[in-house]
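Here the structure comes first, spelled out in structure tokens, and everything after it is commentary.
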């Protein structure tokens, strides 16, 4: 409850009023105390002048003793004042004193100072001693000193001490009443101030908050309505309504933008699939030419056996032998076609656990049948202990096929009749720095072709960048391969020396063993 805005305002106002009234009380008390001390000083000076006048008219001393008649008059006058002590001295050290013993010493000192000064004039005032007043330490007495000369020619010094303690005591006696008055007024003013602030500010703000809590988009733009007398809060309401209108407009634009982005994203996915498909077909097209030549030989053999079977003079054993040989050649054709279809067929998007070694072994078998790769010897060294990754197997097959065809083209670029080696290797790598996981698998395609100039290496993964002659490359092979590998969480690296060959590496994260991944099938 104390965390509410109303409670916080009330507490802060109460504290503010309390400190403000205490400060006013402090100033007023000090002012009144100063005025009372000044009034007391004026009264003490007047009484000192009255005593001086009496001393000048009365002979105090006879031959040896003070005049009893004069002493009685001075005593009566002293008793009628609020002085605490009176001391009268002459130049020969004789003195008369009345009052408290503890203040006689300071009074005698005042008399001696006045006699030593030897000057007549109005009574002087001096604060003496220290005592606790209402706030802090203040003078305990007001000392009045004066000089007089009697009709008999005697020079006298007079000292009166007036106590200020009763004045301070009177002020202190009023403190409990004043403090109660201050607390009462601080509480009362705080309640009144909170009530007025609540009516002027908090109540309209509460209405705004309730309207915001009940807000429904179907209500329309004018959500916040504040009365005209709410002053600046009406401006706040208008600003909030304007903000809601702008938010509604921006929300509608955002919906349209989201719909447009979804459509564009779908179109982008379709275009991306088409690019993958086109690049795959470009690679498969080159394979098909070689496979068509490879299929021609067994077809010719089958045709020859069929011609032999048409002859009537064949023995049964010879006829059976021709049929078996023709059947083996047909199985060979069927295997070649299956391998081509496995590479060229579209695959649904999605990842799964695949064996990289199995893909590489299958691909190497297909590539060895290609006439356009007859100049390239394929050597495999699948040394990695673990080869299972989470990826799209068909897309990985496309990546490896692109790298192999690029290696063949790089060797052919050395000139007619050039022959070379494509080394396909796998190796285990530890997890990257700062990453967990099961480690990584590195697949390397190393050729001894013409290599890549150093200035072209940063561009080889850019779409449509190619160093091949027009009509021999689309410039999309490495760009598509890079995209496929990145989607699988891996990366591609290149290392090349012009004239010595190129090494392209594919680094993929291994599948987790915790779910049964990462183990050889």
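List every residue pair whose Cβ atoms sit under 6 Å apart, with the two residues 6 or more apart in sequence or on different chains, where the first one lies in segment 42-53 and is on the phi < 0 side of the Ramachandran plot and surrounded by fewer than 21 Cβ atoms within 10 Å (Cβ to Cβ) and the second, anywhere, is part of a helix (DSSP H, G or I) and at pLDDT below 90.
none
What about residue 95, is it in the same structural domain as residue 28 (by TED's automatic domain parsing) and over 30 Å from residue 29 (Cα atoms)?
Here the answer is yes, as residue 95 does meet what is asked.
Rundown of residues vs (1) buried (at least 18 other Cβ atoms within 10 Å of the Cβ); (2) at pLDDT below 85, yes/no style:
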{"site": "342", "(1), (2)": "no, yes"}
{"site": "346", "(1), (2)": "no, yes"}
{"site": "349", "(1), (2)": "no, yes"}
{"site": "374", "(1), (2)": "no, yes"}
{"site": "377", "(1), (2)": "no, no"}
{"site": "381", "(1), (2)": "no, no"}
{"site": "385", "(1), (2)": "no, no"}
{"site": "395", "(1), (2)": "yes, yes"}
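The values are calculated or read from the model by the stated rules, or taken from the named source; none is laboratory data. Note that the structure is a prediction, hence the values are computed from the model and not measured. FYI the Cβ positions are ideal-geometry reconstructions off the backbone, even for glycines, and counts take in every protein chain you see.
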